[in-house]
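Report on one structure; see the data block that follows.
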Amino acid sequence: MTLYIVEADCISCGDCLPVCPTDSITEGSIVFKIDKKTCTECEGDFDVPQCVKVCPIDNCILPLEAA
Amino acid sequence: MNSQNTLTRELALRIGLAARALPDTDAKRLLTLLTAAIGSPLTDAKLASLDLPTLKTVLIGIDDSDLSRTLYILKQTTEEMDVNDPVLQAYVEGDMPNSVRIACASSDAVLVDGHFGTCPQFYIYQVSATAVRLIAVRNAVLPEGLDVEDKNVYRAELLQDCNVLYIASVGGPAAAKIVRLGIHPMKQSSIQPIATLIEQLQQVIAGTPPPWLAKAMGVNVVHRFHFDHTDDVDNELERDLEATG
């Protein structure tokens, strides 16, 4: 279970970076990205994913369903 | 504001334009330098007597040609400038491929000097890498008798068709309302001429625009980044495609 950032919508504001409890967010070469190996969707830390909570853009951070 | 800091609007405008003629100098810095050269307050009369050698004492290491251009702009009177009466240009949807629509909060059609919540009007431009058209000037003042729940939502809705909004200042809650309508607010750290910001935007459009801007331009984002990403990003892009259909 992990979230991902929709590249076409991310405005690279960086608001999500400091709120991630697992430090899974980094600034990629194009936009910010979430490390799918370490993202927990904030389970165990918060009730709601913190990046989704602070992201100013609707539907920019979405759950990545298992392939 | 005390009288020491008061500039006439025309004078402020000229200083803003003159700063554009100089490398690495914004209006604020030029204002400081001019005050150092001829003393406060700055007046038309004092500027009229400003000469090149005096200007040189505060603007060190700048080409003579840039300096004379700066001096020329500073000394121009408003009658000679012909900038305050912008002419609208016709625009039909689709006229300018790969363009974005921007709104500028401005009191004079020259500088982005407006606060989002109080500026009297927004100047709307359509901008592509090679062309610019002023397509509308929208009055932002609430019509007499109209009762709206939230003035800032009313203002943001005036700009709903714009992709980017340039303002000199905006409050946090208002910025959130702007973003919610899909408009990207760009607050400037200093007061800049609209023309400068448009030039910068054109360079971004012509170069590698960030994905959100490319999307606004109608460019297919996925194809644009085909070269420079790892498998990991590729997978994410595929997900994006699935997610957006």
* Asked: With respect to B:Ala12, is the statement that it is aliphatic (A, V, I, L, M) and surrounded by 14 or more Cβ atoms within 10 Å (Cβ to Cβ) true?
  -> yes
Taking region A:1-27 and the residues there that are in contact with a helix residue (DSSP H, G or I) (Cβ under 7 Å, 6 or more places away or on another chain) and within 9 Å of chain B (Cβ to nearest Cβ), the one that is farthest from B:Pro211 (Cα to Cα) would be A:Tyr4
Residue set B:Ala103, B:Ala129; condition touching a residue at least 60 places away in the same chain (Cβ under 8 Å), among the aliphatic types (A, V, I, L, M) and not in a loop (DSSP other than H, G, I, E, B); output residue B:Ala103
Examine region B:160-170 for a residue that is within 16 Å of the chain's Cα centre (by Cα), crowded, with 19+ Cβ neighbours inside 10 Å and free of Cβ contacts under 8 Å to residues at least 40 places away in the same chain, and state whether such a residue exists. no
Checking B:Asn139, B:Asn163 in turn, the sole residue that is modelled with pLDDT under 95 and polar (S, T, N, Q) turns out to be B:Asn139
All conditions in (1) assigned to a loop (DSSP other than H, G, I, E, B); (2) crowded, with 18+ Cβ neighbours inside 10 Å; (3) within 14 Å of another protein chain (Cβ to nearest Cβ) are true of A:Lys33 except (1)
By residue number, the members of region B:169-195 that are within 12 Å of chain A (Cβ to nearest Cβ), of a type outside the set (A, V, I, L, M, F, W, C) and assigned to a loop (DSSP other than H, G, I, E, B) are B:Gly182
The correct count of residues that are over 23 Å from B:Lys177 (Cβ atoms) and either of a type in the set (Gly, Ala, Ser) or crowded, with 18+ Cβ neighbours inside 10 Å (or both) in region B:122-132 is 6
Flagged pairs (Cβ under 7 angstrom, 6 or more apart or on separate chains; first in region B:69-98, in a loop (DSSP other than H, G, I, E, B); second basic (Lys, Arg) and modelled with pLDDT of 90 or more) are B:Gln89/B:Arg133; B:Tyr91/B:Arg133
Selection over region A:36-60 where residues are more than 9 Å from chain B (Cβ to nearest Cβ), of a type in the set (Asp, Glu) and surrounded by fewer than 17 Cβ atoms within 10 Å (Cβ to Cβ) yields a count of 3
With criteria (1) more than 23 Å from B:His184 (Cβ to Cβ); (2) modelled with pLDDT under 95, A:Asp9 comes up short on (1)
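If you scan region B:145-159, which residues turn out to be assigned to a loop (DSSP other than H, G, I, E, B) and either in contact with a helix residue (DSSP H, G or I) (Cβ under 6 Å, 6 or more places away or on another chain) or surrounded by 11 or more Cβ atoms within 10 Å (Cβ to Cβ) (or both)? So that I can check it myself, show each step before the final result.
Applying the first criterion (assigned to a loop (DSSP other than H, G, I, E, B)) to region B:145-159 yields B:145-150, B:159.
B:Val148, B:Asp150, B:Leu159 - these are the residues of region B:145-159 that are assigned to a loop (DSSP other than H, G, I, E, B) and either in contact with a helix residue (DSSP H, G or I) (Cβ under 6 Å, 6 or more places away or on another chain) or surrounded by 11 or more Cβ atoms within 10 Å (Cβ to Cβ) (or both).
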message = Kindly evaluate B:Glu199 against the criterion of being modelled with pLDDT of 95 or more and either farther than 14 Å from B:Ala103 by Cβ or surrounded by fewer than 17 Cβ atoms within 10 Å (Cβ to Cβ) (or both).
response = yes
Any residue that is outside any helix (DSSP H, G or I), closer than 21 Å to B:Val100 by Cα and either within 11 Å of chain A (Cβ to nearest Cβ) or at pLDDT 95 or above (or both) - is there at least one of those in region B:227-242?
no
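The values are calculated or read from the model by the stated rules, or taken from the named source; none is laboratory data. Predicted model, so just to flag it, every value in this text is computed and none were measured. As a convention, Cβ positions derive from the backbone with ideal geometry for all residues, glycine included, and neighbour counts pool all protein chains shown.
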